[in-house]
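Chemist: The structure is given below, and queries will be raised subsequently.
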Amino acid sequence: MGLTGIGGVFGDHLGDIKWAFAAKSQASDPMQAECSALAMAIYFNQVQQIEYLWIETDSLNLCNIISNRLPGPWNWKATKWQTILLMWDVICKLPQSSQPLSFLLKLENSAEKELRHWEGTVFSFSVLALWLQGHNTSATVARVVLNSMDIRKLLKASADAKNLKFGKIIHAHLIISNQISRDRVIERNSLVNLYSKCGDISSARLLFDKMRKKNVVTWGTIMAGYLQRGCASEVIELCRNMVKVNKLCPNKYILAMVLSSCSNCGLLDEGQQCHGYGLKSGLVFYQYVKNALVYMYSMCSDAKGAMQVLNSAPKSDICTYNSVLNGLLVQGDLAEAWYVLREMMVECKYDEWDSITCVNVLGVCGRLKDLILGRQVHSRVMKTGVGCDLFVGSATVDMYGKCGEISCMRKVFDRLQTKNEVTWTAILTAYLHNECFEEALKLFLEMDLDSVVPNEYTFSTLLNSCAGMTAVGYGNSLHARIEKIGMKDHTIVGNALIHMCSRCGLIEDANTVFKNMLHRDVISWNLMITGYSYHGLGEEALNVFQQMLVAKQQPSYVTFVGVLSACGVLGRVAEGFYYLNDMMREFGIEPGLEHYTCIVGLLARAGRLDEAENFMRSKPIPWDVVAWRTLLNACHVHKNYGLGKRIADIVLHMNPNDVGTCILMSNMHAKANRWDKVVDVRMLMREKHIKKEPGLSWTEIRNDTHVFVSDDNEHLESVLIHQKVKQLLAEIRATGYVPDIVSELHDVEEEQKEDHLSYHSEKLAIAYALMKTPPGAPIRVIKNLRMCDDCHSAAKFISKLTNRRIIVRDVNRFHSFRDGSCSCADYW
């Protein structure tokens, strides 16, 4: 560095540059001159310049030059201390250096009176660091430093740095120098704080127990240590002892800690006691006490209590609203969450929002499907840069997914710079909720390629996607992977496996998973009960329900939907009414629309159609289309066309475009040979642009899905499939099968009807599965509409002829054909 450069650094102090020139003239190379300039920067307190020059300077040479040319007397101002410490921090990091000691001793004489300042504390801390690292610093120097300092500040520095080794040395020095006794509360508090913060809670408790005198700070310090270690119950016990033994009253800090402990342990009663104390003492008006109260109520699932605290104490900050919103979201109280969100927008400016706030607000928008507000929040998030936060990005993906904006969701996901398993699971869940099952399974392959390890929630989402599209092969692959990595013991994964197996027709496999689960929750029991009911296995469903009661698992609203469905399958009317009127009341569950609809189905299946209609008219509840259509379907099965016409009129009045009702009406008229009425219904459908969904059936063979339509000629093996169907029909005719031409709902000749019936999509799918699967293997077929009467009859005969189990899932239920009979008992 030349004269011009040095002058630029030191401004008007050109008279003192002689020292720098002298250093330069004596230096063997330009590096020493630069070190001299650095020494000048220290002298004139040019901190910014020293930071710049330090980059260009050899640290070891600097030690040599500074230690030899340090000017005096030194003016020990705080700013110059900062400069010295900046340099000292780097000197102490030099490997195998002998220079720090001489530099230290030269500074020691000038700094002796200043070592009590904070800067002196840090400087002395460096002395100890040098001594402990094996430098030639004498123990005498270290003791001089310790004796001349404020011990409490040094202990605090050790605790804040979480350096237990330094803290123990200071503790030992205090014992040797007799600077500590049982009655010196402040020093002992500092030691308890040191050991607590450094994680040595046993030593902290030992010191605490030996103290004869304790103040509120003592108790608060040990409580903070236990809270930091996650020993929440110990914190509560210490608070009790503080009040009973020492007769001390908790202050605002201790009250907040105890409330946090109640939150962690879910102790609502103890938390309410703390709330009462806070009200009596007035501590509830401190903001962090109020926040701790709100958080406690939210964590204990008492949203009402959280709202009372929010509204009772004046002034709430963003932490208060974060806790309340999170609690309301967990409880599913969306109306209250919307109210709190509006209050927060008034009281807290957007600049005060943190990432937690954005996650909560986006969660409210998603649950309420408020896309407009969600877009506004997303816009503000992008402007402020919070969108880079991983959790905010995941919440944004989730919000768009819940609002059905799949394209926006994917754009947000693709723009995220970092993605973890939470982000991937969020978008997979969104695809699942929007019934984009195939997209979810495809995206999982990308997740695997990204080397992101899936968690239990990821697997749960994927298994439910497999259930949605009846992807047996993919589901089995996931099941094998779950077994391999040891994730099967997670309850959420076990529940998803039960659901997947049940929806794919593997009810026995579902039962195996259920029996092998280590921990079952109410969802596990509900899945088995409803799964058995859906498969027409009512007796098994009721047996599981009895096991649930023996296991002392509290039934839920959904449990009794499955139980009443099982009663419907079995036709047990009296038992169904017992569960509805007596047992549900016993468990405190109010019957809802779903339960009453099950009762309608129960009465209708038993052929008590008039009683079912009277039951519906006697209950003052808003019946939906599903309930009325349940009765309409029973009229179709029992051929009560008069009542069916009245019920159909009610349904069409509620939903004029209901295609299912129009199809049922048309089928009823066709079976009654009222072809004029069939023409009227079809004309009505054309006028209202109501189109019948084409019938499809599909089956999965070696992870490939084969889809068929009626009289399908598009399949690559369609000729062989038609030949197989023709062969099967000829063989089952010999065993008693008679085509049910009434099922062919077109006004054509009988021969044409029989020909049309022969190649329905179900028969084609069953024939192809018989061709491609080994003998004895079960056959699984999915149909998007109700299975027709003739195909149902043919499947029974084919199952007996081939000694195969044929499982067909139609839009209403599962049909399990075995040995010439069906699990639905011919009612579907």
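Chemist: Keeping all protein chains in place and using 1.4 angstrom, which order do 288, 195 fall into by accessible surface area, from largest down? Present the calculation step by step, with values, prior to reporting the outcome.
Modeler: Numbers: 288 90, 195 15 Å².
Final ranking, largest accessible area leading: 288, 195.
Chemist: Taking the inverse of the average 1/r across all pairs of different Cα atoms in region 454-603, what Kirkwood radius in Å do you get?
Modeler: Every distinct Cα pair counted, the radius reaches 15.8 Å.
Chemist: Could you tally the net charge around residue 518, taking each other residue with its Cβ under 10 Å from the Cβ of residue 518, Lys/Arg +1 and Asp/Glu -1?
Modeler: Computed value for this residue: +1.
Chemist: Once the Cβ-Cβ distance between residue 481 and residue 772 is put in as r, and R0 is 30 Å, what FRET efficiency do you end up with, to the nearest 0.05? Working shown, then result.
Modeler: Details: r = 26 Å, r/R0 = 0.85.
The calculated FRET efficiency here is 0.70.
Chemist: Using a 7 Å offset from the Cα along the Cα-to-Cβ direction at both residue 206 and residue 186, what is the distance between the two label points in nm, to one decimal?
Modeler: Going from the residue 206 label point to the residue 186 one covers 2.7 nm.
Chemist: Next question. Could you tell me the center-to-center distance, by alpha carbons, between region 803-828 and region 335-367 in angstrom?
Modeler: The distance from the Cα centre of region 803-828 to that of region 335-367 comes to 51 Å.
Chemist: Oh, and also: Take the Cα of residue 821, step 7 Å along the line toward its Cβ, and report every residue of region 554-596 whose backbone nitrogen sits under 15 Å from that point.
Modeler: 570-571
Chemist: From the gyration tensor of the Cα coordinates in region 168-296, what semi-axes in whole Å does the equivalent ellipsoid have, largest first, with each one equal to sqrt(5λ)?
Modeler: Each semi-axis is the square root of five times an eigenvalue, giving 29, 15, 12 Å.
Chemist: Here is a follow-up. For residue 438 and residue 805, calculate 0.36 nm times their separation in residues minus their Cα-Cα distance, and state this gained length in nm to one decimal.
Modeler: Working: separation 367, 0.36 × 367 = 132.12 nm, distance 2.76 nm.
So the extension gain works out to 129.4 nm.
Chemist: For residue 617 and residue 687, compute 0.36 nm times the residue count separating them, minus their Cα-Cα distance, and round to one decimal in nm.
Modeler: 22.1 nm
Chemist: Quick one: if you stick a label point 7 Å off each Cα along the C-beta vector at residue 543 and residue 308, how many nm between them?
Modeler: Between residue 543 and residue 308, the simple spin-label model gives 4.9 nm.
Chemist: Tally Lys and Arg at +1 and Asp and Glu at -1 over the other residues with C-beta under 13 Å from the C-beta of residue 241: what net charge comes out?
Modeler: Spelling it out: positives minus negatives among the neighbours equals +2.
Chemist: Calculated FRET efficiency, residue 714 and residue 379, Cβ-Cβ r, R0 60 Å, to nearest 0.05?
Modeler: 0.80
Chemist: May I ask you to compute the full-extension gain from residue 346 to residue 277, defined as 0.36 nm times their residue separation minus their alpha-carbon distance, rounded to one decimal in nm? List each step's numbers first, then the result.
Modeler: Numbers: separation 69, 0.36 × 69 = 24.84 nm, distance 3.03 nm.
In short, 21.8 nm is gained.
Chemist: Set the Förster radius R0 to 25 Å, insert the Cβ-Cβ distance between residue 574 and residue 738 as r into 1/(1 + (r/R0)^6), and round the FRET efficiency to 0.05. Walk me through the numbers before you get to the answer.
Modeler: Working: r = 37 Å, r/R0 = 1.47.
According to the calculation, E is roughly 0.10.
Chemist: Another one. Residue 723 versus residue 550, label points 7 Å from Cα toward the beta carbon: distance in nm?
Modeler: 5.5
Chemist: For the peptides 233-241, 394-402, 484-492, 630-638, what is the packing order when you average, over each peptide's residues, the other Cβ atoms within 10 Å and list the highest mean first?
Modeler: 394-402, 630-638, 233-241, 484-492
The values are calculated or read from the model by the stated rules, or taken from the named source; none is laboratory data. It should be emphasised that the depicted structure is a prediction, and the values quoted were computed from it without experimental measurement. When we count neighbours, we look across all protein chains shown, and the Cβ atoms used for this are built from the backbone with ideal geometry, even at glycine. All accessible areas refer to the heavy atoms of the entire protein, side chains included, with ligands and DNA or RNA removed. Shrake-Rupley method; radii C 1.70, N 1.55, O 1.52, S 1.80 Å.
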